[in-house]
Amino acid sequence: MPKIEKLAGGIEVNVEEALQYLIGETKIAQEDGYYVLIVNGEGEHLQVTVDYERTKTDTEQGFTSIGKQCVFNELYSYDVYGENPFSFKQLIDDLHDQHLDAVENWLYGFLEEQYA
C-alpha cells in the first residue's frame, strides 16, 4: 500500500511515486540565474541538494555572475514507512527555513499539479 502524505491545500501525495519523478536534477529558472534541485536516493537515505548559479550581472546593484554554489544539502531517511520517514512537508519546511522560497514554491507547485 503506497504512503499518502496530506499537505496544505488538500493535496494528497503518493510519496514513493512523487520521489520517482523527482530523482535526478531539476533546473528552476530565476530572473538572475537558476537553482538546481538534486534528489538522489542512496540506499537507506535520500540526499536533497540545491545549487544556485547567478548568470546575470547588475553593476548598479553590485551583482556579478557567480559559479554554481551549494545552498542546501540535507540527508533524509529514504524509508517512507520507518520511524523517521521522509516527508515532503519536512522538506518544504526545511527549504522555507533556508529562505529558498523559489525552490519551495516550485516543489509545492509541482506536487499540487500532480496530485491536487
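Normalised by the empirical 2.2 N^0.38 Å for globular proteins, what value does the Cα Rg of the range 49-111 take?
Values: Rg = 15.3 Å, N = 63, 2.2 N^0.38 = 10.6 Å.
Normalised Rg, Cα atoms only: 1.44.
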**Study point:** Mean ellipticity per residue at 222 nm, deg cm²/dmol - from DSSP H runs of n ≥ 4 across the chain, formula -39500 (n - 2.57)
**Key:** -8500 deg cm²/dmol
Study note, to complete from the structure: Quick calc, Asn105 & Lys6: beta-carbon distance into FRET formula, R0 30 Å, rounding 0.05, result 0.95
Exercise for review: Step through the residues of the range 21-29 one at a time and calculate ³J(HN,Hα) from phi using the Karplus curve (6.51 cos²θ - 1.76 cosθ + 1.60, θ = phi - 60°), rounding each to whole Hz and writing x for Gly and Pro.
Suggested key: 5, 8, 4, x, 10, 10, 8, 10, 6
Check your understanding: Using a Gaussian network for the chain with springs between C-alpha atoms less than 10 Å apart, which of these wobbles most: Tyr21, Tyr76, Tyr34?
Key -> Tyr21
Practice item. Please build a GNM for the chain, connecting alpha carbons under 10 Å apart, and tell me which residue among Phe63, Phe72, Phe88 fluctuates the most. Key: Phe63
Study note, to complete from the structure: GNM on the chain, Cα springs under 10 Å; top mean-square fluctuation among Gly41, Gly67, Gly33 goes to Gly67
Practice item. Kindly write out, for the range 12-18 in residue order, the coupling ³J(HN,Hα) from the Karplus curve 6.51 cos²θ - 1.76 cosθ + 1.60 (θ = phi - 60°), rounded to whole Hz, with x marking Gly and Pro. Key: 10, 9, 7, 4, 4, 5, 4
Exercise for review: Let me know the volume per residue of the alpha-carbon convex hull for the chain, in Å³.
Suggested key: 109 Å³
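Values in this text are rule-based calculations from the coordinates and carry no lab data. For clarity, every value in this text was computed on a predicted model and none was experimentally measured. Ideal geometry is used to build each Cβ from the backbone, glycine not excepted, and the neighbour counts take in all protein chains shown.
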